[in-house]
Amino acid sequence: MAPQSLAGEVGPMKTLKYPLTYGLLSGLVIILTMLTGILLSSRESFFSSEWFGYLVMLVALTFIFVGVKRYRDVERGGVIKFGAAFAMGLAIAGAAGLAYVAVWEVYLAMTDYAFMDEYVAGIIRARQAEGIAPAALAEQVAKLEELRANYANPLFRVPMTFLEIFPVGLLVSLVSAALLRNPKLLPATVSAQR
């Protein structure tokens, strides 16, 4: 099969199935893992740490690599340029981010938006346990109260939630595009091409 040289040669519906499939899979893996960690553990555990969260995102966003490779092999005849691969990676990352935001918003609504109250209370308890000075604690409480007020506004919360995941997706998209533009890396098999 001859490689397709122009992105326009691949129909928009065929192109759209990759971000939807791989982005939604990625987003659902991330949010389900995060919610499981929140529900099964205390705030101070590894499952609720930022490191764990970003590790889960990185692992789940490997669906970007898989989706771009599949797109390269099936729709592009095993050959893809960096720009087309990067664009597909960004589309998958965007779909993953939207899935992440949507499920998080549903979780917040189902829990009566209690997350931020629990988050603020947990940080205050942790600072008090550390023996922080009363003036420093009062300053942190003021910042946390401002965050709580902002978080109640969906125009603040939704972009903030999206930006938790998208930079990781951007990085994975760049690496995937750089690697997969080389047709010799994990070359397409005849069955993958059709």
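With respect to M1, is the statement that it is among the aliphatic types (A, V, I, L, M), over 19 Å from M57 (Cα atoms), at pLDDT below 80 and assigned to a loop (DSSP other than H, G, I, E, B) true? Yes: the conditions hold for M1. Of all residue pairs spaced 6 or more apart or on separate chains, those with beta-carbon atoms under 6 Å, a first member in the stretch 113-140 that is under 22 Å from E50 (Cα atoms) and a second member that is surrounded by 15 or more Cβ atoms within 10 Å (Cβ to Cβ) and of a type in the set (S, T, Y) are M116/Y151.
Residues considered: F63, F82. Of these, the only one that is under 12 Å from A177 (Cα atoms), of a type in the set (A, V, I, L, M, F, W, C), touching a helix residue (DSSP H, G or I) at 6+ places or on another chain (Cβ under 6 Å) and assigned by TED's automatic domain parsing to the domain that holds L16 is F82. Would you call A121 of a type in the set (G, A, S), over 23 Å from A93 (Cβ atoms), surrounded by fewer than 11 Cβ atoms within 10 Å (Cβ to Cβ) and outside the structural domain of V74 (by TED's automatic domain parsing)? Criteria not met by A121. Restricting to the stretch 165-194, name every residue that is assigned to a helix (DSSP H, G or I) and either over 29 Å from I80 (Cα atoms) or of a type in the set (S, T, N, Q) (or both). Once the filter is applied, which keeps residues that are assigned to a helix (DSSP H, G or I) and either over 29 Å from I80 (Cα atoms) or of a type in the set (S, T, N, Q) (or both), the stretch 165-194 yields S173, S176, S191, Q193.
Taking the stretch 4-52 as the range and being surrounded by fewer than 16 Cβ atoms within 10 Å (Cβ to Cβ), more than 29 Å from D73 (Cα to Cα) and at pLDDT 70 or above as the test, the residues that pass are L32, L35, T36, L39, L40, E50, W51.
The values are calculated or read from the model by the stated rules, or taken from the named source; none is laboratory data. Just so it is clear, the structure is predicted and the values come from calculations on it, not from any experiment. All Cβ positions, even for glycine, are placed from backbone atoms using ideal geometry, and neighbour counts span all protein chains on display.
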